[in-house]
């Protein structure tokens, strides 16, 4: 969902640095972009739906995972590309018109460093500098790329920054997982508050990371999400908690909740694909995130619930971070602060109410995303 990564309030805020005068002029004339709704019953179609959907307001391609070095040192990584369509007067023929904006975040989580190492990009699409194909997954901002390679149906991502570079190859080991109902993922009480959403869990990840002039080969498991929407959050929502977990037995679990200012859940959902391929879907009353421990950032003062007990139906896992300080400061691009971290998921058989076979729940590793803990997100 990014989620899932991103903080949607700033997707349009990013547009302001280049588009405020034009957008204001459009608003004065009463002309606004029409954003289509996400509606149920529309099947996903591939490879087309790997690509961009530029008529919709916002979209993201989100890759997270756990890697290991030859010395078995764990590393978390994140690559997220975002696209947004500003509310501008249509029909501007100028090549400089910011009709589509692209931005991206990349991060490494290394316990030996103790905090996230991250980089970010933001640019208007076009002129050969940045773009997102509509017929397949191929997004780029300069030398930052995320693409599907047609030979072998694998994905690749390349990131270059001052702090780190990496090249990763991501090979599916399972079929596409449609979230919600056939890819229609409702995010609030109104059916209009929804996204088209699919995942590719259990990706086999391999490649190399370069830091400080040293290149290190890595291998691991990753998760890819792709979502697009025009009306994501209810007006009362302040943010979300999201997790994507690759279980050790080959299964995968996605769970999220949309939060109110009180901290209560406005909406929630989950999808569990078991190791045998069976899929269970859980509605809002069956999904609960219970805070176990907070961490406060010494840089921003924001308090994040980085350790949680995740209830999905009658099953319970404890979500524990790889390390505490995985706050991502994207104020230079999207203007937002959020926590995006590598986590472990451990079965919690000591909790009351668990069925007798709960001790055999799979453990796993994945990512936890926490948004809207500094201020409410608004589209």
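Among the residues that make up segment 351-361, is at least one of them under 28 Å from residue 120 (Cβ atoms) and either at pLDDT below 90 or not in a strand (DSSP E or B) (or both)? No, segment 351-361 contains no residue that is under 28 Å from residue 120 (Cβ atoms) and either at pLDDT below 90 or not in a strand (DSSP E or B) (or both). Residues being assigned to a strand (DSSP E or B) and either out of contact with any strand residue (DSSP E or B) (no Cβ under 8 Å at 6 or more places or on another chain) or under 21 Å from residue 245 (Cα atoms) (or both) are represented in segment 186-194 by at least one member. With the requirement that a residue be within 10 Å of residue 253 (Cα to Cα) and touching a helix residue (DSSP H, G or I) at 6+ places or on another chain (Cβ under 8 Å), what does segment 269-284 give you? Matches in segment 269-284: 270 only.
Could you go through segment 296-311 and let me know if any residue there is closer than 26 Å to residue 267 by Cβ, at pLDDT 95 or above, in contact with a helix residue (DSSP H, G or I) (Cβ under 9 Å, 6 or more places away or on another chain) and part of a strand (DSSP E or B). Yes, segment 296-311 has at least one match. The C-beta contact set for segment 229-249 (first residue over 17 Å from residue 195 (Cβ atoms), second residue outside any strand (DSSP E or B), distance under 6 angstrom, 6+ apart or interchain) comprises 238/261; 238/372; 238/376; 247/362; 248/362; 248/363; 249/275; 249/362. Taking (1) touching a strand residue (DSSP E or B) at 6+ places or on another chain (Cβ under 7 Å); (2) surrounded by fewer than 16 Cβ atoms within 10 Å (Cβ to Cβ); (3) closer than 23 Å to residue 43 by Cβ in turn, residue 204 satisfies each apart from (3).
One residue alone among 242, 228 is surrounded by fewer than 22 Cβ atoms within 10 Å (Cβ to Cβ), touching a strand residue (DSSP E or B) at 6+ places or on another chain (Cβ under 7 Å) and part of a strand (DSSP E or B), and that residue is 228.
The values are calculated or read from the model by the stated rules, or taken from the named source; none is laboratory data. Quick caveat: nothing in here was measured; it's all calculated off a predicted structure. We place every Cβ from the backbone using ideal geometry, glycine too, and count neighbours over all the protein chains shown.
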